């Protein structure tokens, strides 16, 4: 079994889920899109992933804010309102009789191209919208065991050529980083920014605990993580010092605790980085923040 922050418990119900393509529902084995789709051809599109807990879409407004901001950044006009998209998501959930422990991915591409090309003027349809909802409960093994990281040579880029905050369909540099980590025997990749400071992981945001303080990157070179944001808010609301700052691997290797954050796994402990064991094996701050985050989910 794959070990990592996206390790889900097996669920046979996913074999027969219905998927929405431009508002029409298809069985999983019939859900298809054209090879001339902009996302397939050139990675031209944005996406969003969110969780359903006990009938509630966690932090929905924040996810919609991020999706609309991403679309505006790539000059993509979304031909539907936030309310209409939410209704479409609800329709998919209802068609699959889903109530909790569900992972939803919304993908929007510029549309169908007349011919393979980067040129947006050659798009001959409106945007394509795909909504995939799956029964996905995080495997507790990852939380109990923790994950290991390997620092990739693939860097997080600067905001002036591909802003790391943009959830675009091209994730090739993250795939390259993860591939390096896997080949090195680790579960996932830690990525540095262009200046050599710690930025983020290939699919999650990264934190360390040093003494009484929680550190994470400045945010300039990392994913615009909603769970990351909520952890920072939880720290500030509960008297835990949280600093968004530049720090290096020197600071990471001697940290007392380390963890990563993401919408799917929440907070996942990191036990080893580049062969160095992190801390003494106890993670009181990580455990406290995990409970505070669960409370935020319950209240949202």
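The values are calculated or read from the model by the stated rules, or taken from the named source; none is laboratory data. Just so you know, these numbers come straight off a predicted model, no measurement behind them. Cβ atoms come from the backbone with ideal geometry, glycine included; neighbour counts cover every protein chain shown.
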Exactly one condition in (1) at pLDDT 95 or above; (2) touching a strand residue (DSSP E or B) at 6+ places or on another chain (Cβ under 7 Å); (3) crowded, with 16+ Cβ neighbours inside 10 Å is not met by residue 40; state its number. (2)
Just give me the residues in region 283-299 being modelled with pLDDT of 95 or more and exposed (fewer than 13 other Cβ atoms within 10 Å of the Cβ), in sequence order. 284, 291, 295
Output for region 156-170, where each listed residue is more than 18 Å from residue 76 (Cα to Cα), surrounded by fewer than 17 Cβ atoms within 10 Å (Cβ to Cβ) and touching a residue at least 40 places away in the same chain (Cβ under 8 Å): 157, 158, 159
Subset of region 236-253, residues farther than 21 Å from residue 180 by Cα, assigned to a loop (DSSP other than H, G, I, E, B) and either in contact (Cβ under 8 Å) with a residue 40 or more places away in the chain or not assigned by TED's automatic domain parsing to the domain that holds residue 162 (or both), comes to 238, 240, 246, 247
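Here's the yes/no breakdown for (1) out of contact with any helix residue (DSSP H, G or I) (no Cβ under 9 Å at 6 or more places or on another chain); (2) part of a loop (DSSP other than H, G, I, E, B); (3) within 22 Å of residue 281 (Cα to Cα):
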{"residue": "181", "(1), (2), (3)": "yes, no, no"}
{"residue": "189", "(1), (2), (3)": "no, no, yes"}
{"residue": "194", "(1), (2), (3)": "yes, yes, no"}
{"residue": "215", "(1), (2), (3)": "no, no, yes"}
{"residue": "220", "(1), (2), (3)": "yes, yes, no"}
{"residue": "234", "(1), (2), (3)": "no, no, no"}
{"residue": "261", "(1), (2), (3)": "no, no, yes"}
Would you mind finding the one in 230, 224 that is within 26 Å of residue 72 (Cβ to Cβ), in the same structural domain as residue 147 (by TED's automatic domain parsing) and assigned to a helix (DSSP H, G or I)? 230
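The rows are residues; the columns are (1) within 30 Å of residue 251 (Cβ to Cβ); (2) surrounded by 19 or more Cβ atoms within 10 Å (Cβ to Cβ); (3) under 19 Å from the mean Cα position of the chain (by Cα).
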| position | (1), (2), (3) |
| --- | --- |
| 55 | no, no, no |
| 68 | no, no, yes |
| 88 | no, no, no |
| 95 | no, no, no |
| 102 | no, yes, yes |
| 112 | no, yes, no |
| 121 | no, no, no |
| 129 | no, yes, yes |
| 145 | yes, no, no |
Taking region 263-287, which residues are touching a residue at least 40 places away in the same chain (Cβ under 8 Å) and in a helix (DSSP H, G or I)? 285, 286
Residues of region 177-203 that turn out to be more than 16 Å from the chain's Cα centre (by Cα), under 30 Å from residue 110 (Cα atoms) and surrounded by 15 or more Cβ atoms within 10 Å (Cβ to Cβ), as a count: 1
Right, residue 206: in a strand (DSSP E or B), at pLDDT 95 or above and either over 15 Å from the mean Cα position of the chain (by Cα) or not assigned by TED's automatic domain parsing to the domain that holds residue 59 (or both) or not? yes
Matching option when the condition is in contact with a helix residue (DSSP H, G or I) (Cβ under 6 Å, 6 or more places away or on another chain), free of Cβ contacts under 8 Å to residues at least 24 places away in the same chain and not assigned by TED's automatic domain parsing to the domain that holds residue 164, among 64, 25, 78: 64
